Amino acid sequence: MPRSIKHCRACGAAVSYRTPADDNRDRATCTACATIHYENPLNVVGTLPVWQDKVLLCRRAIEPRRGLWTLPAGFMELGESTAAGALRETIEEAGAHVEMLGLYTLLNVVRVGQVHLFYRARLLDTEFDPGPESLEVQLFSEADVPWPELAFRTTRTTLELFFADRRAGSYGVHALDIT
Ligand SMILES: [Zn+2]
């Protein structure tokens, strides 16, 4: 995993990665005040918004993967539930009006220390208002999804599962590891 912490959040001194007593892995430890900074996976929460036979995708206006297409999603904030965060991201990135349905995918992206959670959502209308993080928002039928221009593996996996489940006529909850 990346060693991303350089300075102590408590006092600003440099940290060094070392294994504390009674621990089993290296932690960012302040060289001055000995504060230990624990790092844990982050949750990315989003939705799979559906209108009739189409799904909503956003074209990213920001790095990484600027110009590529993604489901509306982003980092969960403190003070909100996973569903509330997914709804917030859908409003912020797409300006879409949705009814939240169930949790659909839980995707462990161990390599980057993230867990991505996508909820199915029903679009209430087709009025969109792309936020500053989106160049445009568009509905795609399965045949029109820009598969080579998807930004993230978790978007691709969620869409593939969705179209397969729709053909099968039932939507489960899918928990997978993305390698
Ligand atoms: Zn310190």
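Table for the structure above
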| read-out | value |
| --- | --- |
| Label point 7 Å beyond Cα of Glu92 along Cβ direction - residues of region 130-147 with amide nitrogen under 17 Å | 130-136 |
| For region 109-124, Karplus couplings with θ = phi - 60° (6.51, -1.76, 1.60), whole Hz, Gly/Pro x | 10, 4, 4, 10, x, 9, 10, 9, 10, 10, 9, 6, 9, 9, 5, 8 |
| Percentage relative contact order, the chain, counting C-alpha pairs under 8 Å, at least six apart | 22 percent |
| Estimated FRET transfer efficiency when R0 is 35 angstrom, pair Leu124-Lys6 (beta carbons, to 0.05) | 0.15 |
| Scattering profile of region 31-76 at q = 0.29, 0.32 Å⁻¹ [log10 I(q)/I(0), Debye over alpha-carbon scatterers] | -1.08, -1.13 |
| Between 0 and 90°, nearest 10: helix 153-168 axis offset from the chain longest Cα axis | 40 degrees |
| Sum of side-chain charges, Ala61 neighbourhood, beta-carbon under 10 Å (Lys, Arg +1; Asp, Glu -1) | -1 |
| Computed over the chain, the ratio Rg/Rh where both radii use C-alpha atoms and Rh is Kirkwood | 1.07 |
| Region 6-84, accessible surface, carbon-and-sulfur percent (1.4 angstrom probe) | 50 percent |
| Å³ per residue enclosed by the Cα convex hull of region 119-172 | 117 Å³ |
| Relative counts (whole %) of C-alpha pair distances in region 50-99, using bins that are 5 Å wide | 5, 20, 27, 23, 16, 8, 1 |
| The chain - mean residue ellipticity at 222 nm from DSSP helices (-39,500 (n - 2.57) per run, n ≥ 4, rounded to 500) | -5500 deg cm²/dmol |
| Extension gain, Glu136 back to Ala21 (0.36 nm per residue minus Cα-Cα distance, nm) | 36.3 nm |
| At most 14 other Cβ within 10 Å, DSSP loop - GluC sites (Glu not before Pro), region 103-179 | Glu127 |
| Cα-based helix-to-principal-axis angle, 82-94 vs the chain, degrees rounded to 10 | 60 degrees |
| Dipole magnitude of the chain, debye to nearest 20 (Cβ charges: Lys/Arg +1, Asp/Glu -1, about Cα centre) | 700 debye |
| Accessible area, probe 1.4 Å, largest first, for residues Tyr38, Tyr171 | Tyr38, Tyr171 |
| Region 1-78 - percent relative contact order, Cα under 8 Å, separation 6 or more | 19 percent |
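The values are calculated or read from the model by the stated rules, or taken from the named source; none is laboratory data. Source: prediction; values computed, not measured. Positions of Cβ are backbone-derived with ideal geometry, glycine not excepted, and every protein chain shown enters the neighbour counts. To get the accessible areas, we keep the full protein, side chains included, count just its heavy atoms, and leave off ligands, DNA and RNA. Shrake-Rupley method; radii C 1.70, N 1.55, O 1.52, S 1.80 Å.
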